[in-house]
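Asker: Please see the structure below; I have some questions.
Taken together, the values in this text are just the output of simple stated rules run on the coordinates, not laboratory data. Values in this document were obtained by computation on a predicted structure and should not be read as measured data. Note that we place each Cβ from the backbone using ideal geometry, even for glycine, and neighbour counts take in every protein chain shown.
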Amino acid sequence: MRAGLLVEEIDGLDEALAAVDSFDRVLVTGLLRPRPAQAAALAEFADTLAGSPLAARVAEAAGKAASGAAGEEHFTALAAARAALLGSAHDALCARAAEATGRTTTPVTAPAPATGAGAPANLLVAARSWLCDLARCGWRGIDQEVVSGAARIVSALLDAPEHRRLAALLDGFAAELAASCPGASLESVPGRRWADLWTRAMLLTLPGAAGAPETAPATGRLLPLGVDLQEHATAVQAQVHAVFEPADGATPYLVRASVSAPKPDSVVGAGLWQLLRPHLSLLAAAGEGRAMELTGMPVTPAGDLIWSEAHARTGEPADSFATARVALPTATGRATAPLDRHPTAVAVPVFLDGYAAGAEEDGSVAFTLAGGALQVDVDRIPAAGPLTPEAVLASAACIGLLRWDAGTYRLQPLAVETLVRKKAVAVHAGAWAGGTTDKAGTRAEKAATDAAAVLRERAGRLLRK
């Protein structure tokens, strides 16, 4: 790892993000009656795209929006331009990470528009119209009447499987906005987050944007590196990062397998694994330190496994740190799918050793390596595992995800190796994914089981009534 490269300035990154911020400020107050400050911000935004293929469309859209005369095609152009700027920032950050790790990346080409039967075009138009109304109102202008317009659209979209991604996004976005109404009373506005959700939703209303990605069959050995667990108030997701070794001897490459599940507030900590385990046997393999043998498993060009238990079986023991030392350095990365390119999507698996771990006065942790220091994001360590900030501080080697947050690269630890009585001991964030005998983990599992039983009993009562 050439850590020094991660602190060097990336040409054009600050300018791209500043242009996105300018547009996001416009959405805060809305475009129903644009003010001079908003017109200036839109002009600045359009100027940033002057050398791109979108230049003419964005300039026209910015002019219409500044005069209060923007239509759906203009808002779509602005959303596409915002996504393009963040996509270019994502690409620059990934390129710098690849340079620092010495890893090559296989490019991904944009898929052809999906064809065939789908949701009626009027549903996509209705969704786009609602999103345009949001842009006109602005986040400060939202109220229950405007936000509730999404309800019927979401219900209709849920009937079309290929558009459930858009339906889920609109449903969650509308719920978040509804909880914040009226917008005029908000002390602060999560401008970047809501603009991200608005942009993604706008692009998903375009015909073909929500089509399923093409896949190819993958046959070979899957070697887990670690598990990234992400928890929300009503949902949980686990993503296993791994190295895949093709059976035909081709170059190994990085892959991911994800599983999500809804969750009640009462299920927390190690109990989360109970919600996920039944849907992904790979979690047990990762927790137990075993490989998986895949036969014809569908994989997308971006390296996402479309998991099917029929194509997988548990293999031999496989130590993740051995994988990180031997297989990870020669594995190639896969470029992110076009619509998913965003700085928050940067998550590059890395292996570090030979560093000095230290804690700052503010409680933050950093690894000092040859060439520079790397901040460690210990706040991302889940409570559903034995990995702790103290274990990270005492570590001698680490498997993690290189991310970009708050203007700098940060390392999210997935597993660390420490010395206990002169013997190397591995501690994994996902060690309890397949079950645990740890006392704290066992208590959390039992509490989750009891909570789930109570919820099932209450649900049964409601259904009987």
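Asker: What angle do you read, to the nearest 10 degrees and between 0 and 90, between the alpha-carbon axis of helix 72-101 and the longest principal axis of the chain?
Answerer: On a 0 to 90 degree scale, this one is about 30.
Asker: Here is a follow-up. Based on alpha-carbon centroids, what's the gap between the stretch 322-347 and the stretch 52-76 in Å, whole number please?
Answerer: 35
Asker: In nm, to one decimal, how far is the modelled label at Gln144 from the one at Ala69, with both set 7 Å along Cα→Cβ?
Answerer: In this crude label model, Gln144 to Ala69 measures out at 3.7 nm.
Asker: What is the chain's relative contact order, in percent, from Cα pairs under 8 angstrom and six or more apart in sequence?
Answerer: Across the chain, relative contact order equals 15 percent.
Asker: Cβ under 14 Å from Arg136's Cβ, Arg136 left aside: what net charge do those residues give with Lys, Arg +1 and Asp, Glu -1?
Answerer: Residues close to Arg136 contribute a combined charge of +1.
Asker: What is the calculated FRET efficiency for Thr234 to Arg165, with r their C-beta to C-beta distance and R₀ = 25 Å, to the nearest 0.05?
Answerer: Given R0 = 25 Å and the Cβ-Cβ separation, E is 0.90.
Asker: Can I ask one more? Once phi is turned into θ = phi - 60°, what whole-Hz ³J(HN,Hα) does the Karplus curve with 6.51, -1.76 and 1.60 give for every residue of the stretch 151-156, x standing for Gly and Pro?
Answerer: In residue order, the calculated couplings are 4, 5, 5, 4, 4, 6 Hz.
Asker: Kindly state, to the nearest 0.05, the FRET efficiency for Ile10 paired with Lys423, given R0 = 51 Å and r defined as their beta-carbon distance.
Answerer: Computed FRET efficiency for Ile10 and Lys423 comes out at 0.75.
Asker: Then there's this: Loop sites only, by DSSP: take the GluC sites (Glu not before Pro) in the chain that have at most 16 other C-beta atoms within 10 Å and name the longest stretch containing none of them.
Answerer: 10-186
Asker: Rounded to the nearest 10 degrees, what's the angle between the helix 36-48 long axis and the longest principal axis of the chain, both from Cα atoms, 0 to 90?
Answerer: For 36-48 against the chain, the angle is about 60 degrees.
Asker: What net charge do the residues around Gly434 carry, taking every other residue with its C-beta under 13 Å from that of Gly434, with Lys and Arg at +1 and Asp and Glu at -1?
Answerer: -1
Asker: Also, quick follow-up: Label Leu206 and Ala121 with points 7 Å out from Cα along Cα→Cβ: what is the distance between them in nm?
Answerer: 1.6
Asker: For the stretch 184-314, state the average projected area of the convex hull of the C-alpha atoms over all orientations, rounded to one decimal in nm².
Answerer: Projected over every direction and averaged, the Cα hull of the stretch 184-314 covers 11.0 nm².
Asker: Under 5 Å between amide H atoms, partner at least 5 residues away or on a different chain: which partners does Gly315 have, H built in plane at 1.01 Å?
Answerer: When sequence neighbours closer than 5 places are left aside, the close amide H contacts are Ala291, Met292, Glu293.
Asker: Please work out whether the stretch 338-427 counts as rounded, prolate or oblate from its C-alpha gyration tensor, where a ≥ b ≥ c are the square roots of the eigenvalues and a/c under 1.5 means rounded, while otherwise a/b larger than b/c means prolate and anything else oblate?
Answerer: Prolate is the answer for the stretch 338-427, as a/c is 1.5 or above and a/b outweighs b/c.
Asker: Tell me, in nm to one decimal, what length is gained between Leu158 and Glu360 on full extension, where the rule is 0.36 nm per residue of separation less the Cα-Cα distance?
Answerer: Between Leu158 and Glu360, full extension yields 67.9 nm more.
Asker: Given H placed 1.01 Å from N in the peptide plane, which residues other than close sequence neighbours of Val346 have an amide H under 5 Å from its amide H?
Answerer: The answer is Trp404.
Asker: Counting only residues 5 or more places away or on other chains, whose amide H sits under 5 Å from the amide H of Val236 once H atoms are built in the peptide plane?
Answerer: Long-range HN contacts for Val236: Ala261, Lys263.
Asker: What share of the DSSP beta bridges in the chain is antiparallel, in percent to the nearest 5?
Answerer: Among the beta bridges of the chain, antiparallel pairing accounts for roughly 90 percent.
Asker: Measure off 7 Å from each Cα along the Cα-to-Cβ vector at Thr368 and Lys446, then give the distance between these two points in nanometres to one decimal.
Answerer: Each label point lies 7 Å from its Cα, and together they span 4.5 nm.
Asker: What net charge do the residues around Val365 carry, taking every other residue with its C-beta under 11 Å from that of Val365, with Lys and Arg at +1 and Asp and Glu at -1?
Answerer: -4
Asker: Also: What is the dipole size for the stretch 216-334, taken about its Cα centre, with +1 at each Lys and Arg Cβ and -1 at each Asp and Glu Cβ, in debye to the nearest 20?
Answerer: Here the size comes out at about 60 debye.
Asker: Just to check, using Stokes-Einstein with a Kirkwood Rh over alpha carbon pairs, what's the diffusion coefficient of the stretch 266-389 at 10 °C and 1.306 mPa s in µm²/s?
Answerer: 90
Asker: Also: Working from Cα positions, state the angle (0 to 90°, nearest 10) between the long axis of helix 13-29 and the longest principal axis of the chain.
Answerer: Tilt relative to the chain: about 50 degrees.
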